[in-house]
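Take a look at the structure below.
The values are calculated or read from the model by the stated rules, or taken from the named source; none is laboratory data. Not measured: the values here are computed from a predicted model. Every residue, glycine among them, receives a Cβ derived from its backbone with ideal geometry; neighbour counts consider all protein chains shown. Only protein heavy atoms, including side chains, enter the accessible area calculation; ligands, DNA and RNA are left aside. Shrake-Rupley method; radii C 1.70, N 1.55, O 1.52, S 1.80 Å.
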Amino acid sequence: MLVTELCGVTLKNPVIAASGTFGFGKEYAEIFDISRLGGISSKGLTLEPRFGNTGERVYETASGLINSIGLQNPGVEAFIKEDLPFMQKSGAAVIVNLGGHDLDSYLKGVELLDSQDFDLLELNISCPNVKAGGMAFGMEPATAGHVVKEVRARCHKPLMVKLSPNAPDLVGVALSCQQAGADCLSLVNTFQGMAIDIYRQKPVFDNVFAGFSGPAILPIALRMVYQVCAAVEIPVVGLGGISSAEDAIAFMMAGARAVQVGTATFARPTAMLDIIDGMEDFCKQQKLAHIGDIVGAANPGFRGRR
Amino acid sequence: MLVTELCGVTLKNPVIAASGTFGFGKEYAEIFDISRLGGISSKGLTLEPRFGNTGERVYETASGLINSIGLQNPGVEAFIKEDLPFMQKSGAAVIVNLGGHDLDSYLKGVELLDSQDFDLLELNISCPNVKAGGMAFGMEPATAGHVVKEVRARCHKPLMVKLSPNAPDLVGVALSCQQAGADCLSLVNTFQGMAIDIYRQKPVFDNVFAGFSGPAILPIALRMVYQVCAAVEIPVVGLGGISSAEDAIAFMMAGARAVQVGTATFARPTAMLDIIDGMEDFCKQQKLAHIGDIVGAANPGFRGRR
Amino acid sequence: MQSTRNKILENTQVTDTVYRMVVETGTRPEPGQFYMLKGWGDEGPLLARPISVCDADGHTVTFLYEVRGKGTRLLSKLRAGEQLELTGPAGHGFAIEKVRGKVAVVTGGIGFAPMVYVAKSLKDCQVDFFAGFRDASYQLELVRPYVQRIAVATDSGAEGKKGFVTDLFDPADYDFVLTCGPQVMMEKLAKACMACGTTCYVSLERHMACGVGACLGCTCQTTAGAKCVCKDGPVFLAQEVF
Amino acid sequence: MQSTRNKILENTQVTDTVYRMVVETGTRPEPGQFYMLKGWGDEGPLLARPISVCDADGHTVTFLYEVRGKGTRLLSKLRAGEQLELTGPAGHGFAIEKVRGKVAVVTGGIGFAPMVYVAKSLKDCQVDFFAGFRDASYQLELVRPYVQRIAVATDSGAEGKKGFVTDLFDPADYDFVLTCGPQVMMEKLAKACMACGTTCYVSLERHMACGVGACLGCTCQTTAGAKCVCKDGPVFLAQEVF
Ligand SMILES: Cc1cc2nc3c(=O)[nH]c(=O)nc-3n(C[C@H](O)[C@H](O)[C@H](O)COP(=O)(O)OP(=O)(O)OC[C@H]3O[C@@H](n4cnc5c(N)ncnc54)[C@H](O)[C@@H]3O)c2cc1C
Ligand SMILES: Cc1cc2nc3c(=O)[nH]c(=O)nc-3n(C[C@H](O)[C@H](O)[C@H](O)COP(=O)(O)OP(=O)(O)OC[C@H]3O[C@@H](n4cnc5c(N)ncnc54)[C@H](O)[C@@H]3O)c2cc1C
Ligand SMILES: Cc1cc2nc3c(=O)[nH]c(=O)nc-3n(C[C@H](O)[C@H](O)[C@H](O)COP(=O)(O)O)c2cc1C
Ligand SMILES: Cc1cc2nc3c(=O)[nH]c(=O)nc-3n(C[C@H](O)[C@H](O)[C@H](O)COP(=O)(O)O)c2cc1C
Ligand code: FES
Ligand code: FES
């Protein structure tokens, strides 16, 4: 009832753990049965290991979270050796999320990864926290198209490109990625936000701006998914603030083939299981043979396939 | 301690009721002493009366509100006759908020208003809900500059221009408004958001997209105010999700000379009084002679005056 | 109208989903008015929830409410002694001083709540009370002292007559019909009343943000132009709105 | 580690701002471990709050917490019988099986909480307990059975010695120092211990989002590279982190 096909990959259900919010799956595997998930997107990797940003890294806001992790990660090589094997055994579809600070670092990363065994590559051109996150690439249609095209040429896995809600012309970036050969898109990454410590009279984060996520952003993220789904034909994976089955279903009705859940997992580790169960209940209650039947149902301009 | 000067207008304190959330002051005057406010910005006016949008008009989200009022208003002439006199007697600075669907309707509106007795004109080039809201003008530096310049030439009141957070190049729009003669800027208006009714498989709002406000948006609004304050020299009035004195102080430290409060008033009618009292307590506790001393304190790039 | 913090004197469960809350306040609302209720601080839904006055005596106001979502669920968890933020009394109620003669009070579901206070406040009238519920009635004892007759309809037929509350009587037999309930039921009833010349007042429901007339979120189109349900209503003359 | 809903058996006020909560759970955490607590649904702060184990007996876990902001204020309002969402036990505690001989347990403010369970769990040691508070001590009776000596310092001098808790003793007199409190106090103490060769374990505090090692929001730089306070800590050997 929930089985979903995404670029030739079969997901048990359309619920994927979002990059950077689920590590490589190990921590949450101690808490619940992660094989029930549709997929897991790895912590964002870079070619070289990174310590990440200094100073405060997380700050709670009204129904939201601002983070300045700065892509702390062990680097692609260590990941392949130490973390990928665990992900392969998780029972969920394996998505590897890759960032980069220049074209070369993306391409070297892809080269190392391409021969490995996993399901989808998620190209992160949208992390607002560091240059290495590639948001610079994700801001303009032309630069986004360029990096996607080069990666596409060297990557034999299905390619998902993760878009930034901070792009001035998001639909343009989406179209450009499709044109350049992306197999599907995921959106949104975090919004650029900030917080000020009024007692220290300073921004909370050393980097001043940081990435904003969680239920607070849902109305904007949903609007963006709706707009992109009315423009592109490739599948879209929707995310941004999803914390309940109702939220996930709304994204699918906007046109998303699958969804990712990030911050909500921090708030309740088993949130994704509740979302999966809730989707199944919804199908039964609404007499839907398949959750895929609702994809794009609320979006008259939906251009994808169901 | 809280007295604030804004474009030559003296405000008792830096707290202004945001347009569209306070009517013309009458309703809340029944509930609290509105003369305690620094200022009141009127419901957004248009030259002609408007019924506004059909269908659902308000929808609550996690710490946020989406509205699709669509500038329901009595029109400039009826406002001058029936509502302005009340605002003039309110004891707070009177700000008249004006929208328009084309240059001509803005200019005719300004012409009718200019000879009236009020303190500031707030030019709304940012309402996302209707063409008449002028968001079309607020999206690009060139069109924004054009309408501001034409209005400036016909307006003898201090001119505040209200910016849209949906503008792809917000700083460019801000600079262009300054260049065109705006005396100050207010930001942000509502973000474009949406909601889906999953049981009807339809967008909640007849217009699909609507304006998103409230505590949820604060981290993005604060970031935008910080960026604009590092670019322009004219005073900035900050708003977007403010619901406590701490929030208001954060916007001022980002560089805002004054603040506006919208959605929080719905949540608690006396929210602005608590904010004013809280600002005063903060000054005492931090031994500040004047609240203005903190303006821009957390923004090294702040280009305005204190 | 005021915005105050008031002490909860009682908050008891009446049925599976319905609760009754008594709050300390000296204000005397009109029948059909409502308050915006908030029983949580910044943690909890952003907006207050509109709930009608079910009873009032100059010292207390009673609310009868159904748990539908987050806000009403949080209300149901409050206990005697805790504080409630109240804004109101809001809106215009039933113009009961104009109501005379034979009166039918007609309710559907939790639309029952305001009509308790309405039935109690009517003077010099013969009142018949028609109440529709899903499966079972509740709190009818609150109206019994004030009315001549009570008749119940339920969707399931488990109590009273199975079917629509509007099938329990003929509006033509009454001088006035006062009603609160689902929009479809009220619309049907209003049209029947207009057809036979019976004066009908309806109490409308809209999603509300401010509840005081400031946000224009609850506008409805009337014969006299756009009106706020919260400030100009919630009670309207049937022909103004249907 | 588990994520469960547990019944609250007790939640009582201990001082103006400090509460003690007893929760039903069969897990046996290590001393120095903590749980992520959430006592509200979607209404309330987004994230759970990290609170250390103050006591545990195989049937229940006790928390001692100070109300600082929204989350802890909401926790303080919960009542016996209500449910608490718990994720844990999280992190690595004090390696008490390695601790022997003369031990100083040193606490500042609410850093007292985890050290109760630590003092209780130490075996075959002579334990002196040094506790710093703002104005007055609380709950010292919880540790008294397990320690040789208790000494108190307060900022105001209202109880015990006026001044820093670190002025109450000389680290050189001890084999081990175990501490939890404000970062500045722990840093000072850690440096004094390192100077005189006393083994010192510190329990760090960081803002946390997930509490399980998934978000990398609580990273600290150690001699062994970047570590998560929530997963690799909160307890570290002093020389690893200072
Ligand atoms: C003037 C007026 C008087 C009312 N009097 C009573 C009363 O006496 N007793 C009573 O039980 N209910 C009354 N209601 C309805 C009550 O306000 C809603 O049930 C309540 O706001 C739902 O809030 P929630 O957070 O529990 O639900 P939500 O989680 O917000 O939503 C649950 C459901 O309730 C609907 N809903 C949400 N907000 C409103 C709203 N503002 N108005 C109508 N429906 C809404 C939603 O569409 C949804 O279907 C009244 C409504 C109005 C407008
Ligand atoms: C491993 C660990 C164990 C802890 N054990 C205890 C304990 O046993 N008893 C106890 O009273 N407190 C303990 N704390 C501190 C407790 O987690 C915070 O006081 C609490 O999270 C504040 O939440 P709030 O919503 O009440 O405050 P907020 O409104 O979130 O903030 C109020 C103040 O608390 C600070 N704060 C907020 N979140 C955290 C956080 N995650 N860590 C540290 N400071 C924070 C804020 O900077 C602010 O100054 C522990 C913290 C950690 C990291
Ligand atoms: C702590 C944290 C770390 C994140 N790290 C990454 C990352 O490494 N790569 C990436 O593509 N997105 C990263 N994200 C973004 C999320 O994957 C997701 O796009 C975003 O949080 C919006 O979804 P949500 O509201 O469900 O959290 C991170 C988000 C958070 C909160
Ligand atoms: C119901 C509603 C109506 C609004 N109407 C107007 C308007 O007429 N003109 C305008 O400039 N802004 C209007 N706004 C935007 C607010 O003035 C403000 O810019 C926005 O809500 C962000 O501030 P807040 O988060 O404090 O509400 C409206 C906002 C709301 C919620
Ligand atoms: S709810 Fe705001 S005007 Fe009626
Ligand atoms: S709090 Fe998430 S890794 Fe420590």
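Given the criteria more than 14 Å from every other protein chain (Cβ to nearest Cβ), among the charged types (D, E, K, R), away from ligand 5 (no atom under 16 Å from the Cβ) and under 14 Å from the mean Cα position of the chain (by Cα), does D:Asp135 qualify? For D:Asp135, the condition - more than 14 Å from every other protein chain (Cβ to nearest Cβ), among the charged types (D, E, K, R), away from ligand 5 (no atom under 16 Å from the Cβ) and under 14 Å from the mean Cα position of the chain (by Cα) - is not met.
Where strands (runs of 3 or more DSSP E) fall entirely within the stretch C:58-111, those with at least 3 residues that are more than 16 Å from ligand 5 (Cβ to nearest atom) and closer than 30 Å to C:Lys123 by Cα are at C:60-66, C:101-108.
Taken together, the criteria place A:Ile249 among residues that are modelled with pLDDT of 95 or more, facing another protein chain (nearest Cβ under 9 Å) and in a helix (DSSP H, G or I). Please indicate, with yes or no, whether at least one residue in the stretch B:277-296 is within 16 Å of ligand 5 (Cβ to nearest atom), within 20 Å of B:Val225 (Cα to Cα) and crowded, with 24+ Cβ neighbours inside 10 Å. So far as the stretch B:277-296 goes, no, none of its residues is within 16 Å of ligand 5 (Cβ to nearest atom), within 20 Å of B:Val225 (Cα to Cα) and crowded, with 24+ Cβ neighbours inside 10 Å. Counting only residues that are away from chain B (no Cβ under 14 Å) and assigned to a strand (DSSP E or B), the stretch A:62-78 holds 1 of them. If you go through the stretch A:22-31 and keep only what is within 7 Å of chain D (Cβ to nearest Cβ) and aromatic (Phe, Trp, Tyr), you end up with A:Phe22, A:Tyr28. The set of residues in the stretch D:11-33 that are open to solvent by less than 10 Å² (accessible area, probe 1.4 Å), part of a strand (DSSP E or B) and within 16 Å of D:Thr60 (Cβ to Cβ) comprises D:Met21, D:Val23. Residues in the stretch C:215-232 that are surrounded by fewer than 24 Cβ atoms within 10 Å (Cβ to Cβ) and either within 16 Å of ligand 6 (Cβ to nearest atom) or assigned to a loop (DSSP other than H, G, I, E, B) (or both): 4 in all.
Counting only helices (runs of 4 or more DSSP H) wholly contained in the stretch A:131-213, the ones carrying 1 or more residues that are under 18 Å from the mean Cα position of the chain (by Cα) and facing chain B (nearest Cβ under 10 Å) occupy A:170-179. Candidates B:Thr143, B:Thr190: the one that is in contact with a helix residue (DSSP H, G or I) (Cβ under 9 Å, 6 or more places away or on another chain) and in contact (Cβ under 8 Å) with a residue 24 or more places away in the chain is B:Thr190.
Name the single residue that is surrounded by the most Cβ atoms within 10 Å (Cβ to Cβ) among those in the stretch B:55-83 being closer than 30 Å to B:Ser115 by Cα and touching a residue at least 40 places away in the same chain (Cβ under 8 Å). Ranking the candidates gives B:Gly70 first. Here A:Ser244 meets the list (1) among the polar types (S, T, N, Q); (2) within 16 Å of ligand 1 (Cβ to nearest atom); (3) facing chain B (nearest Cβ under 9 Å) almost entirely, failing just condition (3). Just checking, does the stretch D:184-199 include any residue being crowded, with 22+ Cβ neighbours inside 10 Å and under 30 Å from D:Leu86 (Cβ atoms)? Yes, some residue in the stretch D:184-199 is crowded, with 22+ Cβ neighbours inside 10 Å and under 30 Å from D:Leu86 (Cβ atoms).
Would you be able to say whether some residue in the stretch A:201-217 is within 16 Å of ligand 1 (Cβ to nearest atom) and under 30 Å from D:Pro50 (Cβ atoms)? Yes. Please verify whether D:Thr107 is modelled with pLDDT of 95 or more and closer than 18 Å to D:Leu189 by Cβ, treating the condition exactly as stated. Criteria met by D:Thr107. In this structure, B:Arg50 qualifies as away from ligand 5 (no atom under 14 Å from the Cβ), buried (at least 20 other Cβ atoms within 10 Å of the Cβ) and charged (D, E, K, R). If you go through the stretch B:215-238 and keep only what is open to solvent by less than 10 Å² (accessible area, probe 1.4 Å), more than 8 Å from chain A (Cβ to nearest Cβ) and out of contact with any Pro (no Cβ under 7 Å at 6 or more places or on another chain), you end up with B:Val225, B:Val228, B:Cys229, B:Val232, B:Val236, B:Val237, B:Gly238. Evaluated against (1) within 19 Å of D:Glu205 (Cβ to Cβ); (2) away from ligand 2 (no atom under 12 Å from the Cβ); (3) open to solvent by 40 Å² or more (accessible area, probe 1.4 Å), D:Glu82 falls short on exactly one condition, (1).
Within the stretch C:200-228, the set of residues being within 17 Å of the chain's Cα centre (by Cα) and more than 10 Å from chain B (Cβ to nearest Cβ) comprises C:Cys200, C:Tyr201, C:Val202, C:Ser203, C:Leu204, C:Glu205. Screening the candidates C:Gly101, C:Gly88, C:Gly111 for the property of being in contact with a strand residue (DSSP E or B) (Cβ under 7 Å, 6 or more places away or on another chain), within 14 Å of chain B (Cβ to nearest Cβ) and either surrounded by 15 or more Cβ atoms within 10 Å (Cβ to Cβ) or more than 30 Å from C:Gly44 (Cβ to Cβ) (or both) yields one hit, C:Gly88.
Taking the condition within 14 Å of chain A (Cβ to nearest Cβ), assigned to a strand (DSSP E or B), more than 16 Å from ligand 3 (Cβ to nearest atom) and closer than 24 Å to B:Ala62 by Cα, does D:Leu37 pass? Yes.
Against the conditions (1) open to solvent by 30 Å² or more (accessible area, probe 1.4 Å); (2) free of Cβ contacts under 8 Å to residues at least 24 places away in the same chain, A:Asp206 satisfies every one except (2).
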